[in-house]
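Below: the structure, in structure tokens.
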Amino acid sequence: MKNIFTLANYLAENIEKENIISELFDLFNVDCMKRCQLNPSELDRLIRKFNEGNDCDISVLADIITFIKGEQKSIENKENELIRTIQSHIDKTFMQDISIEKIADDLHMSYYYMCHVFKNKLKITINTYRTKKRLEQAMRLLVQSDNRITDIASLCGYNNISYFTETFTKNIGISPTAFREQYAGVCFHQFYDYDDMLQATQMECLRFLSKDIKKIKQDIQSVHIRVPDNDFKFLHEAAIIEYHNVLYASWYQCPEKELRGYTPICGKRSYDGGKTWSDLEIICEDKSEKILYCPPVYGICDDRLYMLVNQMVAPDHIHSLDLYVLNTETCKFELLWSRPVPFKLNTNVVTLPNGKLMLPGRIAELDGFPNTPAVLISDSGKIDTQWRLVKIADDGNLPCGTKLVHPEISVICAEDILYMFCRNDKRKVPLVYISNDYGETWSDVCAHDIPYVSTKVYCGTLSDGRHYIICNTDKPNRSKLSVYFTADQSIKLSKQLEIFDTDDYPWRGAMHYPAACEYEGYLYIIATKGYENAARGAELFKINLKEI
């Protein structure tokens, strides 16, 4: 509403009153057809009220803007629902040899209108969409079944094997027979679509899940660390660590929406193993709202607790890397230095077998958006030092030509090999990079079989040498959070523990952006918890490692 009144005031101050409504129509692209959809009698009533006033009534003008925006949003929602209906029908019937006209008839739609709105919204035709669904199923069956190719063609809606082979070869680039032979080892997750599959075929596929992976159950303790309130409705990218028998947790918060306005780093601490938490404290802030803070990570060196954070000039546009240290006398974090390093932090400081320290993250130009995976390395093994940058990839491009978006990374060191797991937003293929020289050089990007979906992954090594990976799995919208464990120091994940699933809760939400630390036989996992109306808080899960 604040932005609406700002716009209304701007128009009143800069545009002649008799021209304001025309300016609004141009601004919101309101044509005659949309004006009819905008409930013309109500729109005309508001405009008449505005025109008949002697002065430029800001409140009435704001009502007009609100009405137009609200009705246009309603129209957009209806169109999106229509697209989902068409897609759902095709997803259920693509294996049948039926015409697009028949689909329109089944949905009680005009054939021409259905084709128009679909192409206008998705930039592809209905027939192209259906072909992709058919080829998506064909690729999956070719690598995951022993079905004859003639049977696969029939199962995908092609009664003519020659036409199936021609269509497959034209779109995929090789014949069905060659595809089966060449990509026998590829992993196609259930949540992959056509484009995900094509991307996966362009990379080597690594297998981390044991064939006999065991799904385990545990009565998991959980605590609400931070619940949205009137001061801060949004919380994100939390970190956690244990230091001198105290658990420290921190995150960035915003009054309303992510990275909008006042964005401080906040924190709490627990002196009883996570059961209760201190009052909220502000660790660093800019009340002018020109600098946004994000995200915190921790590190311990020479028996001192450090925190690193990023300054940003806009969402995900990194301005600096800042280092704080805990003053044990005042119990406050104090700033040591701030450096113009456009490196966005992802996980707590990692100690490598060679004694050096590593910070996983991503890099960009100063005040730019970071989309290239990279690490910072401390050769001295100290945190309060200069950090050396090593890019994991030359740039943020994937083999298919698309760019990585939010490539947040986390590392496991197993038998002196570093496995850097990477989030992949542009496509849903989970990624991993490998280093055999403690992060100095990295392999080309690979796909893998851990089914995490477009989300941050957090991993590490326990004190007994086992490794773990925490991630959102199997489902979209980050609605399921799991943790995987290895049985020993190998990289093979043999156990899976589901710690959150919205199917087990009466409300719909998400649990995502995990971080973790080990303390006294427990793995403490902090995660961002979704609430109604896009609000977010923080939840803590306490995993008993003796039962894993």
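The values are calculated or read from the model by the stated rules, or taken from the named source; none is laboratory data. Quick caveat, the model's predicted, so the values are computed rather than measured. For neighbour counting, all protein chains shown are included, and Cβ atoms are generated from backbone atoms with ideal geometry for every residue, glycine included. Note: areas computed on protein heavy atoms with side chains; ligands, DNA, RNA excluded. Shrake-Rupley method; radii C 1.70, N 1.55, O 1.52, S 1.80 Å.
Annotations for the structure displayed:
- Restricting segment 284-322 to residues that are acidic (D, E) and at pLDDT 95 or above, the residue that is surrounded by the most Cβ atoms within 10 Å (Cβ to Cβ): D322
- Counting only residues that are under 23 Å from L336 (Cα atoms) and open to solvent by 10 Å² or more (accessible area, probe 1.4 Å), segment 358-389 holds 13 of them.
- Members of segment 399-410 that are open to solvent by less than 10 Å² (accessible area, probe 1.4 Å) and either in a loop (DSSP other than H, G, I, E, B) or not hydroxyl-bearing (S, T, Y) (or both): L404, P407, E408, I409
- A single member of L418, L389, L376 is within 22 Å of E518 (Cα to Cα), out of contact with any helix residue (DSSP H, G or I) (no Cβ under 8 Å at 6 or more places or on another chain) and not in a loop (DSSP other than H, G, I, E, B), and it is L418.
- Candidate set from segment 414-431 (those that are surrounded by 24 or more Cβ atoms within 10 Å (Cβ to Cβ) and either among the aromatic types (F, W, Y) or within 15 Å of L493 (Cβ to Cβ) (or both)); member that is modelled with the highest pLDDT: F421
- The single condition among (1) out of contact with any Leu (no Cβ under 6 Å at 6 or more places or on another chain); (2) modelled with pLDDT of 95 or more; (3) not β-branched (V, I, T) that N533 does not meet is (2).
- Any hit, segment 521-529, residues being closer than 26 Å to P228 by Cβ, of a type in the set (G, A, S) and open to solvent by 10 Å² or more (accessible area, probe 1.4 Å): no
- The residues of segment 169-217 that are open to solvent by 30 Å² or more (accessible area, probe 1.4 Å) and of a type in the set (D, E, K, R), listed by number, are K170, R180, E181, D193, D195, E204, R207, K211, D212, K214, K215, K217.
- None of S479, S454, S490, S463 is of a type in the set (S, T, N, Q), touching a residue at least 24 places away in the same chain (Cβ under 8 Å) and under 23 Å from R362 (Cβ atoms) except S454.
- Cβ pairs under 7 Å, 6+ apart, first in segment 94-115 and farther than 19 Å from F164 by Cβ and open to solvent by less than 70 Å² (accessible area, probe 1.4 Å), second assigned to a helix (DSSP H, G or I) and of a type in the set (G, A, S): S110/A104; M114/A104
- Meets criteria (within 12 Å of I64 (Cβ to Cβ), surrounded by 11 or more Cβ atoms within 10 Å (Cβ to Cβ) and either modelled with pLDDT of 75 or more or hydroxyl-bearing (S, T, Y) (or both)) for L11: yes
- Scope segment 500-530; condition of a type outside the set (G, A, S), at pLDDT below 95 and either over 20 Å from the mean Cα position of the chain (by Cα) or not in a strand (DSSP E or B) (or both); matching residues: T502, D503, D504, Y505, P506, W507, R508
- Within segment 458-478, the set of residues being at pLDDT 95 or above and either of a type in the set (S, T, Y) or assigned to a loop (DSSP other than H, G, I, E, B) (or both) comprises Y458, T461, L462, S463, D464, G465, R466, Y468.
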